[in-house]
Amino acid sequence: MYCWSRFKSRANADLFRNIASFTMFVGYPRSGHSLIGSLLDAHPNILIAHELHALKLIQSGFDRNQLFQLLMENSQMVGAKGRRHSGYSYEVPHQWQGRFTALKVIGDKRGASSAMQFRNRPGLYDTLKNIVGVEIKFIHVIRNPYDVLTTMTRRKPHKSFDFLVEAFFKLCESVAELKTHDPAESIYDLRLEAFIEDPKFHLQRLCSFLGVESAPDYLEDCARIVFKNPKQSRFDLPWTKENIARVEARMSRFDFLDGYAFDENTEAHR
């Protein structure tokens, strides 16, 4: 991979010359990263790979254009397969998944572990910034924690509830720490529930954050594949009052979780 990417990246160096920002996802498993990443990858000026694990490549000594080359190849490969993940297709017909016109934004969709890696490996953020040589922008996708924990429980039945709660809130702590070190304008908080309610509005704002314009046909085509209603997984499994209260108490430490509740009637989407 190293030698091949080095050879190919030299041939494609002109494609990467005008990239203005590098984009990463931070957050939690089962929170909508695949959907948002796929919609952004459909933009003619944005390329978002699907879990290439860019930070691992950086730590392995890959340079800027090698990284961008592998991100591009990943986007092309996943796009050709219909952007499928976990039984869902996130293909956007008539748009640019796996392709682009002029590349301005490039990134990787790997949200659950990225912030944790920055926290556990001091200096990794500076290494990344020095290598990519452009502004780094983070997309923080947030979903009701009770839904996230329910889905984590169903996906990892061998793990205890206590273990999963600790894992989730360690991710919250990692994001909170990242927010203290990085300028607020470099991290975009996006609530999945709000996005699903009005995908064109929120996708337009997200594109603006990334520094690209969003054409009406792009917004319309993307909106067509978005679920009509958010999946409220928390009602699929029994929750004890004790566990609901435990999660609620932990949530109160993080302002980006304000308004979320187990009872859908009291939840505030911002």
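The values are calculated or read from the model by the stated rules, or taken from the named source; none is laboratory data. Note that the structure is predicted; figures quoted are calculated from it, not measured. Note: ideal-geometry Cβ built from the backbone for every residue, glycine included; neighbour counts use all protein chains shown.
Matching residues to (1) part of a helix (DSSP H, G or I); (2) exposed (fewer than 11 other Cβ atoms within 10 Å of the Cβ); (3) at pLDDT below 95:
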residue	(1), (2), (3)
ASP217	yes, yes, no
ASP221	yes, no, no
PRO238	no, yes, yes
VAL247	yes, no, no
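For ARG30, the conditions (1) among the charged types (D, E, K, R); (2) buried (at least 17 other Cβ atoms within 10 Å of the Cβ); (3) free of Cβ contacts under 8 Å to residues at least 24 places away in the same chain all hold with the exception of (3). Note on the stretch 223-233: among residues that are in a helix (DSSP H, G or I) and at pLDDT 95 or above, the one that is nearest to VAL175 (Cα to Cα) is ALA223.
Residues satisfying the criterion are absent from the stretch 93-110 (criterion: more than 25 Å from ARG224 (Cα to Cα), among the aromatic types (Phe, Trp, Tyr) and touching a residue at least 40 places away in the same chain (Cβ under 8 Å)). Among the residues of the stretch 186-217, those identified as of a type in the set (Asp, Glu) and either under 18 Å from HIS140 (Cα atoms) or touching a His at 6+ places or on another chain (Cβ under 6 Å) (or both) are ASP189, GLU193, GLU197, ASP198. One residue alone among VAL148, VAL141 is in contact with a His (Cβ under 6 Å, 6 or more places away or on another chain), buried (at least 22 other Cβ atoms within 10 Å of the Cβ) and closer than 27 Å to VAL105 by Cβ, and that residue is VAL141.
Among the residues here, PHE262 does not qualify as part of a helix (DSSP H, G or I), touching a helix residue (DSSP H, G or I) at 6+ places or on another chain (Cβ under 9 Å) and of a type in the set (Phe, Trp, Tyr). Of the residues making up the stretch 127-177, just one is acidic (Asp, Glu) and outside any helix (DSSP H, G or I), namely GLU135.
Answer with yes or no whether ASN120 is over 17 Å from LEU71 (Cα atoms) and touching a Phe, Trp or Tyr at 6+ places or on another chain (Cβ under 6 Å). Criteria not met by ASN120.
Scanning the stretch 147-165 for residues being hydrophobic (A, V, I, L, M, F, W, C) and at pLDDT below 95 gives a total of 2. Contact map, the stretch 117-128: residues that are on the phi < 0 side of the Ramachandran plot and in contact (Cβ under 8 Å) with a residue 12 or more places away in the chain paired with residues that are part of a helix (DSSP H, G or I) and surrounded by fewer than 12 Cβ atoms within 10 Å (Cβ to Cβ), Cβ distance under 8 Å, separation 6+ or inter-chain. Pairs shown: TYR125/HIS181.
If only residues of the stretch 25-63 that are part of a helix (DSSP H, G or I) and over 30 Å from THR153 (Cβ atoms) are counted, the one that is farthest from the chain's Cα centre (by Cα) is GLN59.
Criterion first (on the phi > 0 side of the Ramachandran plot, surrounded by fewer than 24 Cβ atoms within 10 Å (Cβ to Cβ) and without any contact (Cβ under 8 Å) to a residue 40 or more places away in the chain) does GLY87 satisfy it? Judged against the criteria, GLY87 is a match.
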